[in-house]
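Laboratory data are not the source of any read-out in this text; all were calculated from the coordinates shown. Keep in mind that this is a model prediction, so the values were computed, not measured. Because the Cβ atoms are built from the backbone with ideal geometry, glycine has one as well, and the counts that use them run over all protein chains shown.
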Amino acid sequence: MTGGRRPTAATRVFALLGDPVSHSLSPLLQNAALAHLGLDGVYVALRCSAAHAPGLVASLACAGGGGNVTVPHKATVLAALDRTTEAVVRTGACNTFWGEEGVVCGDNTDVHGFRAAFTTGMRDPAGARVLLLGAGGAARAVLAALLADRVDRVVVYNRTPQKAAELVARTDDPRLRVADSVDGLDIDVVINATSLGLRSGDPLPIDLERLRRVGGVFDLVYRPEGTALVRTAHSRGIPAVDGTGMLVHQGAAAFARWWGREAPIDVMRHAVTQAGP
Ligand code: ATR
């Protein structure tokens with residue numbers, strides 16, 4: 001038994017779709033919530049190709065279930081959606097889907113997950129001067145949340161400057177600009193939305209010494225033993241949090257979509273932090 005109960009003919013099936021998916025903690029945190037509430041559902045991870053992802057989204061949603069979508073299919077599955085939230089429109093990406101009477105619905109709970117984790121774990125985004133590292137899908141979700149939350153300005157720095165320029169042009173907001181260097185910046189919060197730190201042995205996404213001032217570090221990356229960026233920030237006395245909070249909050253928001261009730265956030269957080277390396 002992996003979900004709320006022993007599977008029955010009425011069990012609702014939820015799946016994480018992506019490639020790879022075997023490292024994901026989403027099955028752990030969603031099944032812990034199902035078990036805690038005694039709900040008749042199960043959550044599994046399905047590695048699939050871009051060719052099959054939209055079909056799986058439509059099939060699972062129309063069969064009474066739903067799921068999440070991860071790298072690299074978050075944009076690909078838009079083709080399967082009949083109805084989308086504003087978060088999907090603003091980011092061009094979907095990470096959560098479900099069905100409503102034959103209508104396939106999609107949301108991007110990374111936006112809510114970032115907002116909730118940032119506000120509770122770091123600070124009120126209003127008035128903050130932010131350095132955003134990365135210009136991919138995760139960076140888009142971060143930007144959507146920050147700009148809606150009256151951030152003062154966001155400087156985007158990316159390995160490939162062209163992608164940062166495209167992100168800024170697409171978003172078209174006067175509070176945004178691209179940086180070609182991080183040297184000497186005075187920043188309230190550095191946000192790591194690159195994939196650096198996911199693998200042990202990755203270099204740090206930034207040398208914090210190069211900034212004139214940094215008030216905090218928010219790393220979207222989660223690793224059971226903690227991330228090198230967070231450890232480095234702490235060793236310099238800079239407040240820092242990793243991606244645990246965002247992982248839990250985006251999962252809780254997805255759970256609420258599927259089950260129409262509040263997720264047991266503490267149970268989910270416990271499942272993730274107990275996972276071990
Ligand atoms: P996600 O959806 O997780 O954001 P993504 O869209 O593939 O994934 O984006 C990954 C981000 O991490 C990009 O900003 C990428 O930089 P590039 O645009 O230059 O590819 C960044 N990234 C990945 N590997 C990196 C590395 N070794 N050094 C610096 N940045 C890296």
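Counting only C-alpha contacts under 8 Å and six or more residues apart, can you give the relative contact order of the chain as a whole percent? Please list the in-between numbers first.
On the way: 590 pairs, mean separation 44.0, N = 277.
Reported as a whole number, the value is 16 percent.
Treating only the Cβ atoms of Lys and Arg (+1) and Asp and Glu (-1) as charged, compute the dipole magnitude of the chain about its Cα centre; round to the nearest 20 debye.
200
How much length is gained if the chain between D152 and T119 is pulled fully straight, taking 0.36 nm per residue apart and subtracting their Cα-Cα distance, in nm to one decimal?
Net length gain for the segment: 10.4 nm.
State whether the stretch 129-277 is rounded, prolate or oblate according to the following rule on the C-alpha gyration tensor (a ≥ b ≥ c being the square roots of its eigenvalues): a/c under 1.5 gives rounded; otherwise a/b larger than b/c gives prolate, and the remaining case gives oblate.
Note, shape of the stretch 129-277 comes out oblate.
Evaluate the relative contact order of the stretch 109-154 (contact order divided by residue number), counting alpha-carbon pairs under 8 angstrom at least 6 apart; express in whole percent.
About 52 percent, as a whole number.
In what sequence, highest mean first, do 241-247, 157-163, 34-40 appear when ranked by Cβ atoms within 10 angstrom?
Most protected by this proxy first, the peptides run 241-247, 34-40, 157-163.
Give the residue list of trypsin sites (Lys or Arg not before Pro) in the stretch 62-150 that are DSSP loop and have at most 12 other beta-carbon atoms within 10 angstrom.
Qualifying residues, ordered by number: R150.
Starting with the highest mean, order 212-221, 172-181 by the number of other Cβ atoms within 10 Å, averaged over the residues of each peptide.
The densest-packed peptide leads the list: 212-221, 172-181.
Is the chain rounded, prolate or oblate when judged by the Cα gyration tensor, a ≥ b ≥ c being the square roots of its eigenvalues, rounded requiring a/c under 1.5 and prolate requiring a/b larger than b/c?
It comes out prolate by the Cα gyration axes.
So what is the 222 nm mean residue ellipticity for the chain from helices alone, if each DSSP H run of at least 4 adds -39500 (n - 2.57) and you divide by all residues, rounding to the nearest 500 deg cm²/dmol?
Mean residue ellipticity at 222 nm (helix-derived): -10500 deg cm²/dmol.
Which length gain, in nm to one decimal place, applies between A169 and L37 when the Cα-Cα distance is subtracted from 0.36 nm times their residue separation?
So the chain would gain 43.0 nm between A169 and L37.
Students often check this: by mean Cβ neighbours within 10 Å, which of 62-70, 131-139 ranks highest, and how do the rest follow?
Going by the mean number of other Cβ atoms within 10 Å, highest first, we get 131-139, 62-70.
First check a/c for the stretch 1-156, with a ≥ b ≥ c the square roots of the eigenvalues of its C-alpha gyration tensor; if it is under 1.5, answer rounded, and if not, answer prolate when a/b is larger than b/c or oblate otherwise. Write out the running numbers ahead of the final one.
On the way: a/c = 2.13, a/b = 1.64, b/c = 1.30.
Prolate shape, in that a/c is at least 1.5 and a/b is the bigger ratio.
Got a sec? Charge dipole of the chain, +1 on Cβ for Lys and Arg, -1 for Asp and Glu; which of C94, T232, V189 is way out at the positive end?
Checking the options against the dipole of the chain, the answer is T232.
Can you give the longest stretch of the chain with no exposed loop site, where a site means GluC sites (Glu not before Pro) in a DSSP loop (not H, G, I, E or B) with at most 10 other C-beta atoms within 10 Å? Present the calculation step by step, with values, prior to reporting the outcome.
Values: sites that count: E101, E225, E262.
Free of exposed loop sites, the longest segment is 102-224.
What number, in percent, do you get for the relative contact order of the stretch 128-197 if the mean sequence gap of Cα pairs under 8 Å and at least 6 apart is divided by its residue count?
Reported relative contact order: 48 percent.
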